[in-house]
Amino acid sequence: MIIKFTKNVKDTQIKHIESILKKQNFTTTYINGDVYKLLVVIGDTTQLETKRLNVYDFVEDVINIQKPYKESSVKDKRKIKVGNVTFNDDNIVLIAGPCSIEDEKSMDLLVPKLINHHTHIIRGGAFKPRTSPYSFQGIGKIGLEILNKISKKYKTPVISEITDVRDIDIFIKNVDIIQVGARNMQNYVLLEELGKTDKPILLKRGFMNTIEELLLSAEYILANGNKNVILCERGIRTFENQTRSTLDISAVPVLKKLTDLPIIVDPSHAAGHWEYVESLSLAAIAAGADGLMIEVHENPEFALSDGQQSLKPNNYFSLVDKIKLIAKAIGKKL
Ligand code: PEP
Ligand code: MN
């Protein structure tokens, strides 16, 4: 951190700031330049209320060098393993399945087809955080148990969204990745509790949240000890209403620069319409995303949630073929 003082700052005032910081174990170096008077502060400033230094009228500016999300900004080429699937820079991970698990029979029909078409992880919502309380809310615990069965039967990892901190145990028991949805990205109690587990967490960006806020939410999980965090861009709310959300493709390269946590893209919730899912998927992979999460349903017209944005299996398979071509062009494996 660098503190920039006003031109008329007094020596006693600089000494005062230095002594406050030294008491908190920071090392300081004063630079008395021709134009600027600066105090360089060395140490972990993440827990320091740096903005508070602005209360002094002789402090002109406080410049933070250290990122507030210190755990996620660590660049140690993290690899996150989920069963036999690894999220790393060399391959693309495909997650697919229905928005909601409706029953075991429909999962048994869809899942083998998805697995035969390069799908690594099966998704399915059991507890659905719906915008309207009158919409289908998911089949709950039974849905998680169906996922667990599917996972064992087809030897594939499964993912489902958690909405309540009290459900952590049943999620740990039944799924391989716990999804935190857009609506819960800032549910800090839930994030802290998930941080105390070692389950991989897929953290979705809230539709009203910045990239920095997403990383600070990831920080709640990482700082509590769970280093298995996968980030997901799923579109943000803008003035544009032709799509359900606006997919922020820029988030992919920006996050790649700021963190080495894997970043996947959910084109289904961003588009809100199945016809746009293919373009957004291909753009995301070309932009460097580590994977995709796509909603697929055997009969979207009868889906209990998000049918309008779900791909029919055949459309998903032809998308996978195109993803393969892009993956090859950018030197990644699918
Ligand atoms: C979902 O993945 O089914 C979902 C509800 O997504 P989001 O939290 O991004 O809206
Ligand atoms: Mn959905």
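The values are calculated or read from the model by the stated rules, or taken from the named source; none is laboratory data. Keep in mind that this is a model prediction, so the values were computed, not measured. Counting neighbours? That spans all protein chains shown, and the Cβs are built from the backbone with ideal geometry, glycine included.
A few points about this structure:
- Restricting attention to region 1-24, the residues being within 17 Å of residue 44 (Cα to Cα) and assigned to a loop (DSSP other than H, G, I, E, B) number 2.
- Evaluating residue 324 against the criteria (1) away from ligand 1 (no atom under 16 Å from the Cβ); (2) outside any helix (DSSP H, G or I); (3) at negative phi; (4) surrounded by fewer than 24 Cβ atoms within 10 Å (Cβ to Cβ) leaves one unmet condition, (2).
- Of all residues making up region 258-283, the number that are more than 16 Å from ligand 2 (Cβ to nearest atom), without any contact (Cβ under 8 Å) to a residue 40 or more places away in the chain and either surrounded by 24 or more Cβ atoms within 10 Å (Cβ to Cβ) or assigned to a strand (DSSP E or B) (or both): 1
- Some residue of region 125-136 being within 16 Å of ligand 1 (Cβ to nearest atom), touching a residue at least 24 places away in the same chain (Cβ under 8 Å), charged (D, E, K, R) and within 25 Å of residue 320 (Cβ to Cβ): no
- From the list 317, 302, the one residue that fits, being more than 15 Å from ligand 1 (Cβ to nearest atom), among the aromatic types (Phe, Trp, Tyr) and over 30 Å from residue 134 (Cβ atoms), is 317.
Condition check ((1) among the charged types (D, E, K, R); (2) under 28 Å from residue 223 (Cβ atoms)) across all residues:
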position	(1), (2)
4	yes, no
15	yes, no
18	yes, no
22	yes, yes
30	no, no
53	no, yes
57	yes, no
60	yes, no
64	no, yes
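- Yes/no for residue 235 being small (Gly, Ala, Ser) and either more than 28 Å from residue 315 (Cα to Cα) or outside the structural domain of residue 102 (by TED's automatic domain parsing) (or both): no
- Restricting region 152-201 to residues that are within 14 Å of ligand 1 (Cβ to nearest atom), among the β-branched types (Val, Ile, Thr) and over 17 Å from residue 227 (Cβ atoms), the residue that is surrounded by the fewest Cβ atoms within 10 Å (Cβ to Cβ): 163
- Of the strands (runs of 3 or more DSSP E) that lie entirely inside region 34-102, those containing 2 or more residues that are crowded, with 16+ Cβ neighbours inside 10 Å and away from ligand 1 (no atom under 16 Å from the Cβ) span 37-42, 59-63, 80-82, 85-87.
- Scanning region 103-124 for residues that are basic (Lys, Arg) and away from ligand 1 (no atom under 16 Å from the Cβ) gives 105, 113.
- Scanning region 297-310 for residues that are more than 10 Å from ligand 2 (Cβ to nearest atom), more than 17 Å from residue 126 (Cβ to Cβ) and touching a residue at least 40 places away in the same chain (Cβ under 8 Å) yields a single hit, 298.
- Every residue from region 319-329 that is touching a residue at least 40 places away in the same chain (Cβ under 8 Å) and not aliphatic (A, V, I, L, M): 322, 324
- Selection count where residues are of a type in the set (D, E, K, R) and within 16 Å of ligand 1 (Cβ to nearest atom), scope region 255-274: 1
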